[in-house]
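Colleague: Can you read through this structure? Questions will come right after.
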Amino acid sequence: MREYIVLRDLQPTRTSEPFGGGLRGRTAGPAPSAAMEAPPEPRLEVENLENRDLREMARDPEVAAIAPPMPTRLIEPRALDDDAAAAAAGDAWGIAAVGADSSAFTGAGVTVSVLDTGIDSAHPAFSGVSINEKDFSGSGEGDRQGHGTHCAGTVFGRDVSGSRIGVARGVTNVLIGKVLGDSGGGSSDMLFNGMQWAVQNGANVISMSLGFDFPGMVKGLVANDWPADLATSRALEAYRANLRMFDALMGLIRAQEGFGPGTIVVAASGNESERQIDPDYEIAASLPAAAEGVVSVGALGRQGSVFTIAPFSNTFPQIAAPGVAVKSAKTGGGLVEFNGTSMACPHVAGVAALWWEAVRSSPVPATARTVLAKLLASAQTGGFAPDVDVADRGVGIVRSP
């Protein structure tokens, strides 16, 4: 008997003709088929199943995906050498780097969700913001770790003691899903439930600075006396299944766009690369950033007037943003600087909120697909150091409307 996450699509079935017997097919693409009369209705449950139950469940037309829970963790901020940190240091330099300081838009009317370690809702950076919190981790609301508060501050934080930290300071309605506990760890079922909750509550943008902890799962199994090869095989099985689960959930989210504005999901690419050791020591973007339909974000630093790739930033992101010496809200009050793709991700989420507002004020359809197209097409490809590889910065640095 093992624990599994089960994703069902409870969208009502319909027949292909008035008295026919064919059921509608489940749509996981970017738009619903003509046969769909109602949006998908995802439901996530955790069930204990025997192996023989899996095959039966897989035949159920309502079941979109099945996966064993696997550990997740926040993407830990990285330390940098003094020279690299000093080169990027500044008063929230990322705000100007993405053009938010000169944008006519503030994110007003846009609903943003941050799925992380929670938020210090009493921090002055969030004064006047309507915060809807929900704890999926079991450790209670609030942020006792600090990571979620810092990320939220970059997305929509108000000025603190005269310092601007937030990209989209006009956002007033936010959804804070605590999908990682006070230790910074969680499990994939917490994340999936948090995503579903955010979409159901009208999130236009979801920001996630976390990753699936494959090495942690292997270490945990080995610590419980599993042979290393068996532990690795079990963790790989869980990773593959959770990737399929994520893709299925993203497909249902995209299918809902035919019945509403839709949701843009943004995720940090990860901090596992070590270019300071060897330029070729590059790790590819990991889950959830590597899942289909997710905007993956790499981290940038700066040297003088040019942008550089942070040595820790995982390669093959879709877009890049400031992620070195990023100043934002500190749990308990004040400001603190962190380094990481975790810090780059909320820059992109904040700019996405600005683009939502811009698109809504234009004659084009205000949908997630339109906003995403604007977000990617407007990225800046100039201003990078000559040795920056396209594979490391994606379409370029994100830019505000």
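The values are calculated or read from the model by the stated rules, or taken from the named source; none is laboratory data. Every value quoted in this text rests on a predicted model; they were computed, and no experiment measured them. FYI the Cβ positions are ideal-geometry reconstructions off the backbone, even for glycines, and counts take in every protein chain you see. Note: accessible area is taken over every heavy atom of the protein model, side chains too, but ligands, DNA and RNA are not part of it. Shrake-Rupley method; radii C 1.70, N 1.55, O 1.52, S 1.80 Å.
Colleague: Considering only residues that are open to solvent by 70 Å² or more (accessible area, probe 1.4 Å) and part of a strand (DSSP E or B), which ones fall in segment 43-57?
Modeller: R43, N48
Colleague: Follow-up. How about segment 288-298: which of its residues are crowded, with 23+ Cβ neighbours inside 10 Å and more than 11 Å from I397 (Cβ to Cβ)?
Modeller: Within segment 288-298, P288, A289, V295, S296 qualify.
Colleague: Still on this structure, I have one more. Restricting to segment 305-316, name every residue that is open to solvent by 10 Å² or more (accessible area, probe 1.4 Å) and assigned to a strand (DSSP E or B).
Modeller: Answer for segment 305-316, where residues must be open to solvent by 10 Å² or more (accessible area, probe 1.4 Å) and assigned to a strand (DSSP E or B): V306, F307, T308, I309.
Colleague: Tally up the residues in segment 349-384 that are part of a loop (DSSP other than H, G, I, E, B), loosely packed, with under 15 Cβ neighbours inside 10 Å and on the phi < 0 side of the Ramachandran plot, please.
Modeller: 7
Colleague: Right, V222: under 29 Å from V112 (Cβ atoms), touching a helix residue (DSSP H, G or I) at 6+ places or on another chain (Cβ under 6 Å), of a type outside the set (S, T, N, Q) and modelled with pLDDT of 90 or more or not?
Modeller: For V222, the condition - under 29 Å from V112 (Cβ atoms), touching a helix residue (DSSP H, G or I) at 6+ places or on another chain (Cβ under 6 Å), of a type outside the set (S, T, N, Q) and modelled with pLDDT of 90 or more - is not met.
Colleague: Which number in (1) touching a strand residue (DSSP E or B) at 6+ places or on another chain (Cβ under 6 Å); (2) assigned to a strand (DSSP E or B); (3) among the polar types (S, T, N, Q) marks the one condition that S342 misses?
Modeller: Every condition holds for S342 apart from (2).
Colleague: Of the numbered conditions (1) in contact with a helix residue (DSSP H, G or I) (Cβ under 8 Å, 6 or more places away or on another chain); (2) part of a loop (DSSP other than H, G, I, E, B); (3) charged (D, E, K, R); (4) modelled with pLDDT under 95, D387 satisfies every one except a single condition; which is it?
Modeller: Condition not satisfied by D387: (1).
Colleague: Taking the residues in segment 327-339 that are among the polar types (S, T, N, Q) and in a loop (DSSP other than H, G, I, E, B) as candidates, determine which candidate is least open to solvent (accessible area, probe 1.4 Å).
Modeller: N339
Colleague: Under 26 Å from N132 (Cα atoms), part of a helix (DSSP H, G or I), open to solvent by less than 30 Å² (accessible area, probe 1.4 Å) and touching a residue at least 60 places away in the same chain (Cβ under 8 Å): does that describe V266?
Modeller: no
Colleague: Next up: In this structure, does P386 turn out to be free of Cβ contacts under 8 Å to residues at least 40 places away in the same chain and within 29 Å of D280 (Cα to Cα)?
Modeller: yes
Colleague: Could you name every one of the helices (runs of 4 or more DSSP H) located completely within segment 134-235 that has at least 1 residues being open to solvent by 10 Å² or more (accessible area, probe 1.4 Å)?
Modeller: 188-200, 214-223
Colleague: What is the one condition in (1) touching a residue at least 40 places away in the same chain (Cβ under 8 Å); (2) buried (at least 21 other Cβ atoms within 10 Å of the Cβ); (3) under 13 Å from the mean Cα position of the chain (by Cα) that A285 does not satisfy?
Modeller: The failed condition is (1).
Colleague: Now, a different point. Among the residues of segment 390-399, is any part of a helix (DSSP H, G or I), basic (K, R), open to solvent by 40 Å² or more (accessible area, probe 1.4 Å) and touching a residue at least 12 places away in the same chain (Cβ under 8 Å)?
Modeller: Checked segment 390-399: no residue is part of a helix (DSSP H, G or I), basic (K, R), open to solvent by 40 Å² or more (accessible area, probe 1.4 Å) and touching a residue at least 12 places away in the same chain (Cβ under 8 Å).
Colleague: What's the number of the condition S103 fails, among (1) at pLDDT 95 or above; (2) open to solvent by less than 60 Å² (accessible area, probe 1.4 Å); (3) under 25 Å from D182 (Cα atoms); (4) over 21 Å from the mean Cα position of the chain (by Cα)?
Modeller: It fails just one condition, (3).
Colleague: Further, regarding this structure: Considering each residue of segment 317-326, count those that are open to solvent by 30 Å² or more (accessible area, probe 1.4 Å) and modelled with pLDDT under 95, and give that number.
Modeller: 0
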